[in-house]
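The values are calculated or read from the model by the stated rules, or taken from the named source; none is laboratory data. Keep in mind that what you see is a predicted model, and the values were worked out from it rather than measured. Cβ coordinates were reconstructed from backbone atoms using ideal geometry, including for glycine residues, and neighbour counts include every protein chain displayed.
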Amino acid sequence: MTSVTGFCNQSQTESLDFGAHTWPESVGNTILTMPCGNRPLMNVTRMCQTNGVGWGNPDYSQCETSTCENDTIVTNRGTFQWPITPVESLADLPCPHGPNGARAIRQCRRNGVWDTHDISNCTDPRITAAFASIADTNVTVENVVEVAQNLSEVVMLASQPGDQNEINLRNVSSLLIQTANLFSSPDIIIMLSTEEVSMTTESTIEILNSIQEWPPQVIAAQSNNIVQSFERIVGALISQENFTNLTIIETGIAFQGLRVS
């Protein structure tokens, strides 16, 4: 920055809290104003001084605030109406679609600007609906492969903690129990080809591998049902003719299956 008596060259300032500003050339003894980065209706001021002193320091006093204002955010996990909140504090709201007790959080920063919200603990109703819809399916010889594949895809959609909840897991467990019951019937298993049993088992392995990433407290209630169903499904594959190879490794929820070959 070069200054002469009674004149200030263009200058830039930057504040982490109040934004970056480019100050234009100005004559001495002039006060310039620019909108605050955090509060556009308020101004930061800066004076071009005389006698060759040049620019003074920016005055951010109007930019300072003690609260973050009301803010409504619409997301795929619900509508969140964030209230007026003191700066440097954390606001929390109940998740609109559950699960019970889960809350969204959002930080009010020092400059009165809301930080990005964290709604990962909240349920996406579309994913919940997908679990509920597939859980209504009656597993039969005709659709067992398709149901297992579709269930695997739905489980993989549940990548956020809010969707990895007990209700969704109960729906998973229910379908695996149906599949295991089907595979445990000698009269029915002979109606399925080795390929169909193999494909169903692979999808079941994918489901278990995904569920292993879910919170332990969620898994606990259904772990026995899921593991027993998996063992019965694998047992059906082993009993099939032309069975080649399946490796089961004990870990996590109980078992991790490696690809059927």
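Annotations
- The set of residues in region 88-124 being among the hydrophobic types (A, V, I, L, M, F, W, C) and assigned to a strand (DSSP E or B) consists of Leu90, Ala91, Leu93, Ala104, Ile105, Cys108, Trp114.
- Only listed residue being over 25 Å from Ser159 (Cβ atoms) and crowded, with 17+ Cβ neighbours inside 10 Å, chosen from Asn29, Asn38: Asn38
- Scanning region 111-123 for residues that are out of contact with any strand residue (DSSP E or B) (no Cβ under 7 Å at 6 or more places or on another chain) and buried (at least 21 other Cβ atoms within 10 Å of the Cβ), we see that the one that is nearest to Asn181 (Cα to Cα) is Thr123.
- Residues in region 127-166 that are closer than 24 Å to Gln217 by Cβ, touching a residue at least 40 places away in the same chain (Cβ under 8 Å) and surrounded by fewer than 16 Cβ atoms within 10 Å (Cβ to Cβ): Met156, Gln160.
- Those residues of region 62-87 which are at pLDDT 90 or above, among the charged types (D, E, K, R), closer than 30 Å to Thr45 by Cβ and not in a strand (DSSP E or B), in sequence order: Glu69
- Only residues that are in contact with a Ser or Thr (Cβ under 6 Å, 6 or more places away or on another chain) and over 20 Å from Asn111 (Cα atoms) were counted across region 52-80, and they come to 3.
- Screening the candidates Glu142, Glu166 for the property of being modelled with pLDDT under 95 and out of contact with any Asp or Glu (no Cβ under 9 Å at 6 or more places or on another chain) yields one hit, Glu166.
- Helices (runs of 4 or more DSSP H) contained entirely in region 125-202, each with at least 2 residues that are among the charged types (D, E, K, R): 144-157, 166-183
- Output for region 66-90, where each listed residue is surrounded by 19 or more Cβ atoms within 10 Å (Cβ to Cβ) and more than 26 Å from Thr128 (Cα to Cα): Cys68, Thr85
- Region 167-185 - residue that is buried (at least 22 other Cβ atoms within 10 Å of the Cβ) and farther than 16 Å from Pro125 by Cα and, of those, nearest to the chain's Cα centre (by Cα): Val172
- Contact map, region 189-214: first residue under 14 Å from Val172 (Cβ atoms), second residue among the basic types (Lys, Arg), Cβ cut-off under 8 Å, separation 6 or more or different chains; pairs are Ile205/Arg259.
- Selection count, region 90-134, where residues are modelled with pLDDT under 95, small (Gly, Ala, Ser) and farther than 30 Å from Glu153 by Cα: 1
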